[in-house]
Each structure stands twice: as C-alpha cells, then as structure tokens.
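Here's the structure, in structure tokens; my notes come after.
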Amino acid sequence: MTATEPRTDEATKVTGTRLLRKEDPALLTGEGRYTDDLQIPGALHMSVVRSPFAHARITSIDTADALASPGVVAVYTGADLADLWADQMPMAWQVTEDMHNPPHFPVTQDTARYVGDAVAVVLAESSVAARDAVDLVDVDYDPLPAVVDLEAALTDEVVIHESAGTNKAYTWDLEIDEAAVAKAFDEAAHTVTGHFVQQRLLPMPMEPRAVACVPEPFGGGLTLYSATQIPHILKVMTAVTLGMSEADIRVVAPSVGGGFGSKLEVYAEEMLCTALAHKLRRPVRWLEERSENAQATIHGRGQIQEIDLAADADGKVTGVRVRLLADMGAYLQLITPGIPLLGSFLYCGVYDIPAFSFTCTGVFTTMTPTDAYRGAGRPEATYAIERGMDLLAREVGVDPAEIRRRNYITHDQFPYTAVTGLEYDSGNHESAAQIALDMAGYDDLRAEQAKRREEGGTRHLGIGMSSYFEMCGLAPSRVLASLNYSAGGWESATVRMMPTGKVQVVSGATPHGQGHETSWSMIVADKLGVSPDDVEVLHSDTNTSPHGMDTYGSRSLPVGGVAVALACDQVIDKAKQIAAHQMEASADDLELSGGVFTVRGSPDKEMPMAAVAFEAFTAHDLPDGVEPNLTAQVTYDPPNFSWPFGTHVCAVEVDEETGAVEVRDYVAVDDCGTQINPMIVEGQVHGGIVQGLAQALFEEAVYDADGNLQAGSLAEYLVPAAPDVPPMRLGHSVTPSPTNSLGVKGVGEAGTIGAASTVINAVVDALSHKGVTEMRMPASPLHVWEALQAARGGD
Ligand code: MCN
C-alpha cells in the first residue's frame, strides 16, 4: 500500500493489531547504531580512576607514571578540573526545603565516598592505553569507616558529608490526617505489621553506558552522544553544569540498548567527556566496562519498609501507616530523593482505604548512589501493601483473594479520589482479579495444596496473588511542581504530511527498546489514513526534536503518543479547510474516512489527504488566511496521571530440603486501557515480569561491612537467564482512560510492579503451614532456609 492509495474502511484499522516492530530488522541484523559504534576520527579515549575504598580521604595523587605511559595525553585529578564546573552535578528533586544535597562533582577532590567514586581521569589515544594508565595513577588513601547499614548511618557516628553534618538527607511526610489514622488503629479489630527489605538491585541494561562528545568544526558547539533515556533533560543539565549556552550543545541518543531507569540520569562521565572535549577541542569518548556498570551506574531500590494495617472485624482495611528508610547511597543523583515519594501515593494499593500516613527518611551511605529502576518507588509500594494484605488475610482467617475482594475500590467508584488526594481515572479491579484467578485455576490450586498438605512431603505448593495500580504518565506539570520536582510533565509532537502524502513525526519521547516508531506510526496511520510504512518517526536528537521530556515513568504513550494523535487532529483540521476550499464545499460537510475527504450529500466529490498535502505544499490555491504545508506541533500536558492496573497470580513449588523455588505457572492480567499494539504491550509485560521475578528470586547487590560490592559481576549477580524464566500466561482487560483521546494508559513498568509481591506471596504461602510468615528477597535457597529456621525457632 502506498500513501496515494488510501485505506478506505475500518477493517484496515492498524491500532489494536500485532504489527511487527519497525525497529527490529535493523536491531536484529546488527544494524543498530550504538554510541560506541560511532567512527570518530581523532577521538581521545577516557578512562576513570575509581576508588577501591568505600570511604577514604585522598591524601595525594601522583600522575607522573601514568602521564609517561605510551599514548597518554592527559591525566586530571578532581582539583585539576574544578574550574570546569559552573555548578555541581544536577539534582532535580528538592523534596524538602531543608534537604541536604551535599557537594557532588564529576571527580571528587578530597574524599572518596563509595567504591567506584571517580578520583581522576586519563585521556589517551586508545582505550587500551587509557585503561592501562589508570593502573599507574598512584593515589594515597587514608581509609575511613564505611557506612552500609541504614539504621547505623542514622546514628551519625561516621558522617559521610561533612558539609551536611549528618547522614540524614531529609525526612518527608505525606501529611493527611494523623488523627484519622490514630483513630483507625485505636478502633481496629485487627492490626498487622510488615517489615520488608527492598534489596539493592543493579539495573543491568545489555548496553552499558557509552558517551562521545564531538566539537563542531567551526564555532564553540558540541555534539554529545550518549546512551541515555533523556537527551533533552541532559542537554539542559549539561548547559547548567558546564555554564554553557544550550544553543552550543546538541545531544543525540543513538540506538540505546535498554536503560530500565538507569539511563534516566545525568552522569559524571557525560559531564567529563563534554567538558574535556570543550577544553581540548578534540572529541572525547568513554565506554563503560561491565564491572564499572555495577559500581558507577546507579542502583535501584534499597529501602527498608514498615507498614501497619488496621482493619475491622471483617478484614476491611480502615487505616495504613508507612515508615520508610531509603538508601540514597553516597550522593544524590538526578532524582534519587524523589524515588520513594513516587511510591508514597500507592501504599493504599487498589483498595478503598480512608486513613493513611507516610513518612520517609532518606539516608546517605557509602555505597553507589541509588535512583530510578523500573517502577521507581511503585513496585516497593505495591510489595508492601500486597504483602500486608496477605498478612491481614492470615490474621483475619480468610483467603487472600477474599480479603482483596472485600477491599477493592469498586468499578462504580471511579473516578475515585484517593485519601492521598490523587484521582484515579478508571479501573475495574474485581474483574481483572477474577480473570487472573480463573486463568490460574485458583480454586483447583487451593484444593491441590490442601490435599498435598494432608499427604505431607517436603515439596510445597504455594499460591500468590497481587493486585496493583500504577501511577504512570508523569504527568501534569502542576502536580509535579507540587512535589518540588523541577521538570515538566508534558511531551511534544510535530506531525508533517509531506507533499507526496508520506508523514514525518518528530517526537520528544526517547525510545530505548519500547517500539515507539511502530506505535507512533500506527497512531498516525489510523488518524491520517496512510500506511504505517509511510510514517517516519524522528526522535532522540535535540536538533531535530528540540522540545521533549523524554522516556521514563511509562509516560511515552499516554503523554507523547497522545501528543502525536492531537497533532494529527490539527493536521486534519487544516486539511479539511483546504479540501473544502478545493471542492467548493463547507468544511462542516466534510467527512474523513480512510484518508479520503468526502462531502456529505455529494457522493461524486472526494479528495484524498495526500492530494490535500500537495495543494498545501504548492500553495497555489489556499483559502485566505491558511498557511502553506500540512504541519502541526503540539505540546501536551495531560490533566492527570494515567492509572493502569491489574492482578498477577502465580504458583510455586518450594523444596523444603534444598530451599529451591520453582515458579510453576505465572498469570498476569494487565489493563493499560486501549492497546495500540498488543504485541508490544505483551513484550513490555513479559520483560517487566522478569525484572520483578528477578528481584523476588535472584538478584541482590550485596555489600560487605567495608562497603565492597560482593556481587559486582555477572558471575555473582544472578540475572535470570532464559531457562530461569517460567512460563507466563497473559490476559488483559481494557478499561480506557477517560482523560486522553486515545483512552490509553502506560504499560512499561506494569509487569515489574506486580511481580515481586506475587512471587513472594506465593513462596510465603507455600511455607505458611510451617509457620513461615516472612521471606527476605531474593528468596534464594539460603533465605528460604533461614525463614524455615526462624519459623522452627532456630537461630
Ligand atoms: N503501548 C501500547 N498500548 C498501551 C500502552 C503501551 O501499545 N496501552 C506501547 C507503547 O506504544 C510503547 C510501549 O508500549 O511502544 C511502552 O509504552 P509506555 O508504557 O508509554 O512506556 P514508555 O515508552 O514511556 O517506556 C518507559 C518504560 C520504563 S519506565 C522502563 S524502566 C522500561 C520500559 O519502558 N525500560 C525498558 N520498557 C523497556 N523496554 C526495553 N526494551 N528497554 C528498557 O530499558
């Protein structure tokens, strides 16, 4: 099909179909253009000297041997570079006025505060020469005590940042109605308390970070290539940190091999390559090693949670109280302090809960800084409330599915204003849960479990479920402002119908695996009646797409995709005026179907959009006041977050003798409103579930007491491989969002948000008859054994 052969009926609608991703042929045949694939003649290679100590004073740095090493061009310490910074490393979330954001520069000067903290950089003619010279930089350290335990950190026995004078970064309260919460607990028939540890996780994208900065041949401009999720934000932050004009900085994110939140960041290496390329007027590039990725790319999670639930005699929850300690790591990165806040609104889950209080203390430690990791605050919140609901079910003596049914916000309550003040746009939790329970064969599983328990044995069946809400879209700028987040929630899109009828879309979203080129093409195809193949999507380059808020928080479709649809609507409005003029009809009488305008009551008259585009291009005969070309630019700031939801159910087998956990079946029913491409949706859910399951069963960035990362390579950090991933069966329901014209909600984090609590609920359920009530993540054989020992009263 070509652009000049418009589609003519509804049967050819593209959205809602499983169109193969346009992006994939290139990526699958090795044609992806990743940052390190760029051929950059004359580039200097940067390598970073990193602290081997978690906490140490730097007493001297001798660079002479490194400088004398073959191919080395320069070696810089933190002091050498101090004049290059107009500001410290960017941090965009001042959660409280008195929050401490201690000095943080790309290379530290006097003190190293985590293993991996940059203490010097080497520039050389080759990456090998740079790497070799790193070992020749002689740094004298005076070791200081490490601080890896959050509670110990709060005693301030060892203070990590002298300027702050304390390891407490901030305390943030979501103050609603403390008296109502106190009353709920005073009058409760049942109360339960959960203590949970959200272990540190390594985001582990396939492509580690990579940066290259190239000075323009003329003038002072620079192009910064980076494997980033946020070229637009990075551009602004680079200008601020380096004291440069934004006009002199172009940021390009070439193909990006996944980010999972870890590339929603402004990193020291990006600032270093840019500042040094600017200073030396030579290209400077850097590629992260896998071990550096473990140390110097942000970590995820790292929270200690305490949640209390109060309920009446029937198990209807009347109040929730949450206390969090959040591990910031050694410094605040771009949105480190805000991550727990993103979750704070979801600790009441999908339930109709009238009283809630939340307090969070951010704590500095001598470990790698934490920040956004898929779900960012929301998997943690879902975990706490969903584990809490299972504890409550046991306390009240009803089935976990039943306790949830008694508490769900019901379909007729939407739009629902939560106790936090946020409005949930739409939902149907009972229905999603029922679909999931039916798909899983819940009643049969319970019957099998009862039978097997009667028979005895050491291999135990556990059934877990979890219902979730995801606050995604990130979203109305005004709401973000009220949370002191200093970026907007809008997204921009430009749609141009070219003279031949082909369409060019410029999007401010920045895909790094999510398939936006396909999704945006499908939206345009249905709106303008063209083939998705005739839609070109430009993105991830601040020159071609100057305005954008980038990709994170499952925001791209509900904000950026909706912006594309709105821009199409504007193109159609303009085309309608031109077509009406050409056909000597009233614009009010025109109808557009399958890319062709017809005139109501005059069946002989019609004009394809492509013909209108050509008229708009020649501009020979346009109506008065109508500008040439079919182009529209939209910046869309949505009226609300979007609220996807769902229920996941899984069945596990736990071997009491070996501690092995096997996931026998995993069912996920997710509702992300109208689906643009169900195949992409399923891919997103699959990937998300694997990451949640990885937290539940495999992954943990373990530190020793001296602040050394014990799981810093893929040999020790257990990323699940394909054989570790259980069968997943996906179902869905469709509850359109009433707040955008496409009815869409995001889905990029849904799987992760639902999965960890589902799996751990199942593992605890498997061993509940043995007295196990809690399971530390990951549910490794060791942790399973420890839980059984504790239940038996052992130590
Ligand atoms: N989609 C759809 N219909 C819906 C919802 C989504 O067809 N109702 C499609 C969208 O059109 C888009 C994709 O699903 O092609 C994801 O859209 P969305 O939910 O808006 O999420 P984003 O594009 O904003 O992606 C961000 C999200 C996040 S926050 C993380 S973390 C994450 C994720 O996406 N990291 C990923 N998915 C990832 N996938 C890959 N391959 N790599 C990562 O690093």
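The values are calculated or read from the model by the stated rules, or taken from the named source; none is laboratory data. Here the structure is a predicted model, which means the values were calculated and not measured. Note that each Cβ is placed from the backbone with ideal geometry, even for glycine, and that neighbours are counted across all protein chains shown.
So is residue 474 of a type in the set (A, V, I, L, M, F, W, C), surrounded by 16 or more Cβ atoms within 10 Å (Cβ to Cβ) and farther than 21 Å from residue 560 by Cα or not?
Details: of a type in the set (A, V, I, L, M, F, W, C): yes; surrounded by 16 or more Cβ atoms within 10 Å (Cβ to Cβ): yes; farther than 21 Å from residue 560 by Cα: no.
So residue 474 does not fit the description; no.
Determine if segment 601-609 includes at least one residue that is more than 16 Å from the ligand (Cβ to nearest atom) and polar (S, T, N, Q). It would help to see each step written out before you state the result.
Filtering segment 601-609 down to residues more than 16 Å from the ligand (Cβ to nearest atom) leaves 601-609.
Filter once more, so that each one left must be polar (S, T, N, Q): 602.
Scanning segment 601-609 turns up at least one residue that is more than 16 Å from the ligand (Cβ to nearest atom) and polar (S, T, N, Q).
From 202, 264, grab the single residue that is within 30 Å of residue 390 (Cα to Cα) and surrounded by 17 or more Cβ atoms within 10 Å (Cβ to Cβ).
Numbers: 264 fails: within 30 Å of residue 390 (Cα to Cα).
Checking each option against the conditions leaves just 202.
Any residue in segment 322-331 that is acidic (Asp, Glu) and outside any loop (DSSP other than H, G, I, E, B)?
Here is the first cut: in segment 322-331, the residues acidic (Asp, Glu) are 327.
Retained after the next criterion (residues that are outside any loop (DSSP other than H, G, I, E, B)): 327.
Checked against the condition, which is being acidic (Asp, Glu) and outside any loop (DSSP other than H, G, I, E, B), segment 322-331 yields at least one hit.
Checking the condition touching a residue at least 24 places away in the same chain (Cβ under 8 Å), in contact with a Lys or Arg (Cβ under 7 Å, 6 or more places away or on another chain) and of a type in the set (Gly, Ala, Ser), which residue from 595, 508 passes?
595
Between a residue in segment 557-580 that is closer than 16 Å to residue 628 by Cβ and any residue that is within 16 Å of the ligand (Cβ to nearest atom) and in a helix (DSSP H, G or I), which pairs come within a Cβ distance under 9 Å, given they are 6 or more apart or on different chains?
From residues that are closer than 16 Å to residue 628 by Cβ, the pairs are 571/527.
Quickly run through segment 352-367 and pick out the residues that are farther than 17 Å from residue 304 by Cα and either in contact with a Gly (Cβ under 6 Å, 6 or more places away or on another chain) or surrounded by fewer than 24 Cβ atoms within 10 Å (Cβ to Cβ) (or both).
Step one: filter segment 352-367 for residues farther than 17 Å from residue 304 by Cα, giving 352-356.
Correct list: 352, 354, 355, 356.
How about segment 243-280: which of its residues are in a loop (DSSP other than H, G, I, E, B), away from the ligand (no atom under 16 Å from the Cβ) and β-branched (Val, Ile, Thr)?
266, the sole residue that qualifies.
Within segment 758-779, track down each residue that is surrounded by 22 or more Cβ atoms within 10 Å (Cβ to Cβ) and small (Gly, Ala, Ser).
Listed by number, the residues that qualify are 762, 766, 779.
Please go through (1) within 16 Å of the ligand (Cβ to nearest atom); (2) outside any loop (DSSP other than H, G, I, E, B) for residue 374 and return the number of the only condition it doesn't satisfy.
For residue 374, the exception is condition (2).
Check segment 674-686 and report whether any residue there is in contact with a Pro (Cβ under 6 Å, 6 or more places away or on another chain), within 12 Å of the ligand (Cβ to nearest atom) and under 20 Å from residue 16 (Cβ atoms). Please lay out each step first, then the result.
So in segment 674-686, the residues in contact with a Pro (Cβ under 6 Å, 6 or more places away or on another chain) come out as 674.
Restricting the remaining residues to those that are within 12 Å of the ligand (Cβ to nearest atom) gives 674.
If we keep only those that are under 20 Å from residue 16 (Cβ atoms) as well, we get 674.
Checked against the condition, which is being in contact with a Pro (Cβ under 6 Å, 6 or more places away or on another chain), within 12 Å of the ligand (Cβ to nearest atom) and under 20 Å from residue 16 (Cβ atoms), segment 674-686 yields at least one hit.
Consider residue 87 carefully, then state whether it is out of contact with any Asp or Glu (no Cβ under 9 Å at 6 or more places or on another chain), surrounded by fewer than 21 Cβ atoms within 10 Å (Cβ to Cβ) and without any contact (Cβ under 8 Å) to a residue 40 or more places away in the chain.
Working: out of contact with any Asp or Glu (no Cβ under 9 Å at 6 or more places or on another chain): yes; surrounded by fewer than 21 Cβ atoms within 10 Å (Cβ to Cβ): yes; without any contact (Cβ under 8 Å) to a residue 40 or more places away in the chain: no.
Answer is no for this residue.
If a residue must be crowded, with 21+ Cβ neighbours inside 10 Å, in a loop (DSSP other than H, G, I, E, B) and in contact with a strand residue (DSSP E or B) (Cβ under 6 Å, 6 or more places away or on another chain), how many such residues does segment 44-76 contain?
Residues flagged as crowded, with 21+ Cβ neighbours inside 10 Å, in a loop (DSSP other than H, G, I, E, B) and in contact with a strand residue (DSSP E or B) (Cβ under 6 Å, 6 or more places away or on another chain) within segment 44-76 amount to 3.
Among the listed residues 242, 309, 287, 264, identify the single one that is over 30 Å from residue 402 (Cβ atoms), more than 25 Å from the chain's Cα centre (by Cα) and modelled with pLDDT of 95 or more. Outline the logic, then answer.
Values: 309 fails: over 30 Å from residue 402 (Cβ atoms); 287 fails: more than 25 Å from the chain's Cα centre (by Cα); 264 fails: more than 25 Å from the chain's Cα centre (by Cα).
Step by step, each of 242, 309, 287, 264 is checked, and only 242 is over 30 Å from residue 402 (Cβ atoms), more than 25 Å from the chain's Cα centre (by Cα) and modelled with pLDDT of 95 or more.
With the structure loaded, tell me whether residue 181 is within 16 Å of residue 114 (Cβ to Cβ), among the aliphatic types (A, V, I, L, M) and surrounded by 15 or more Cβ atoms within 10 Å (Cβ to Cβ) or whether it fails that test. Before the answer, list the steps.
Values: within 16 Å of residue 114 (Cβ to Cβ): no; among the aliphatic types (A, V, I, L, M): yes; surrounded by 15 or more Cβ atoms within 10 Å (Cβ to Cβ): yes.
In short, no.
Taking residue 642 as meeting all but one of (1) among the small types (Gly, Ala, Ser); (2) out of contact with any Ser or Thr (no Cβ under 6 Å at 6 or more places or on another chain); (3) modelled with pLDDT under 95, write down the number of the exception.
Condition (2) is where residue 642 drops out.
Criterion first (more than 31 Å from the chain's Cα centre (by Cα) and among the aromatic types (Phe, Trp, Tyr)) does residue 597 satisfy it?
For residue 597, the condition - more than 31 Å from the chain's Cα centre (by Cα) and among the aromatic types (Phe, Trp, Tyr) - is met.
Filter segment 523-536 down to the residues that are crowded, with 24+ Cβ neighbours inside 10 Å and within 26 Å of the chain's Cα centre (by Cα), then identify the one that is nearest to the ligand (Cβ to nearest atom).
Once the filter is applied, the top-ranked residue is 523.
Confirm whether residue 467 is surrounded by 23 or more Cβ atoms within 10 Å (Cβ to Cβ) and under 27 Å from the mean Cα position of the chain (by Cα).
Criteria met by residue 467.
Give the residues of segment 103-117 that are crowded, with 18+ Cβ neighbours inside 10 Å and outside any strand (DSSP E or B), sorted by residue number. Outline the logic, then answer.
Residues of segment 103-117 that are crowded, with 18+ Cβ neighbours inside 10 Å, as a first pass: 104-108, 111-117.
104, 105, 106, 107, 108, 113, 114, 115, 116, 117 - these are the residues of segment 103-117 that are crowded, with 18+ Cβ neighbours inside 10 Å and outside any strand (DSSP E or B).
I'd like the full set of residues that are in a helix (DSSP H, G or I), closer than 19 Å to residue 392 by Cα, touching a residue at least 60 places away in the same chain (Cβ under 8 Å) and of a type outside the set (A, V, I, L, M), limited to segment 175-209.
As a first pass, look at segment 175-209 and keep what is in a helix (DSSP H, G or I): 178-186.
Next cut, closer than 19 Å to residue 392 by Cα only: 181-186.
Now drop any that are not touching a residue at least 60 places away in the same chain (Cβ under 8 Å), which leaves 181, 183-185.
183, 185 - these are the residues of segment 175-209 that are in a helix (DSSP H, G or I), closer than 19 Å to residue 392 by Cα, touching a residue at least 60 places away in the same chain (Cβ under 8 Å) and of a type outside the set (A, V, I, L, M).
Any residue in segment 730-746 that is at pLDDT 95 or above, basic (Lys, Arg) and either on the phi > 0 side of the Ramachandran plot or within 16 Å of the ligand (Cβ to nearest atom) (or both)?
Scanning segment 730-746, I find at least one residue that is at pLDDT 95 or above, basic (Lys, Arg) and either on the phi > 0 side of the Ramachandran plot or within 16 Å of the ligand (Cβ to nearest atom) (or both), so the answer is yes.
Take segment 11-40 and flag every residue that is in contact with a helix residue (DSSP H, G or I) (Cβ under 7 Å, 6 or more places away or on another chain) and either assigned to a strand (DSSP E or B) or acidic (Asp, Glu) (or both).
The answer is 23, and nothing else.
Can you name the residue in segment 623-654 that is crowded, with 18+ Cβ neighbours inside 10 Å and aliphatic (A, V, I, L, M) and is also nearest to residue 460 (Cα to Cα) among such residues?
654
Kindly provide the set of residues from segment 373-403 that are of a type in the set (Lys, Arg) and in contact with a strand residue (DSSP E or B) (Cβ under 6 Å, 6 or more places away or on another chain), ordered by number. Don't jump to the end; show me each part of the working.
The initial filter retains those residues of segment 373-403 that are of a type in the set (Lys, Arg), namely 374, 378, 387, 394.
Result: 387, single match.
From 587, 580, which residue is crowded, with 18+ Cβ neighbours inside 10 Å and among the small types (Gly, Ala, Ser)? Steps first, please.
Working: 587 fails: crowded, with 18+ Cβ neighbours inside 10 Å.
Selected residue: 580, the only one of 587, 580 that is crowded, with 18+ Cβ neighbours inside 10 Å and among the small types (Gly, Ala, Ser).
Restricting to segment 545-584, count the residues that are within 16 Å of the ligand (Cβ to nearest atom), touching a helix residue (DSSP H, G or I) at 6+ places or on another chain (Cβ under 7 Å) and either part of a helix (DSSP H, G or I) or charged (D, E, K, R) (or both). Talk me through it step by step, then tell me what you get.
Of all residues in segment 545-584, those within 16 Å of the ligand (Cβ to nearest atom) come to 545, 548-568.
Those still in the list that are touching a helix residue (DSSP H, G or I) at 6+ places or on another chain (Cβ under 7 Å) too: 548-550, 556-557, 561, 564-565, 568.
Filter once more, so that each one left must be either part of a helix (DSSP H, G or I) or charged (D, E, K, R) (or both): 550, 556-557, 561, 564-565, 568.
Total meeting the criteria: 7.
Please work out if residue 782 is surrounded by fewer than 24 Cβ atoms within 10 Å (Cβ to Cβ), within 16 Å of the ligand (Cβ to nearest atom) and over 21 Å from residue 686 (Cα atoms).
Numbers: surrounded by fewer than 24 Cβ atoms within 10 Å (Cβ to Cβ): yes; within 16 Å of the ligand (Cβ to nearest atom): no; over 21 Å from residue 686 (Cα atoms): yes.
No.
All but one of (1) assigned to a helix (DSSP H, G or I); (2) within 14 Å of the ligand (Cβ to nearest atom) hold for residue 295, so report the exception by its number.
The single condition residue 295 does not satisfy is (2).
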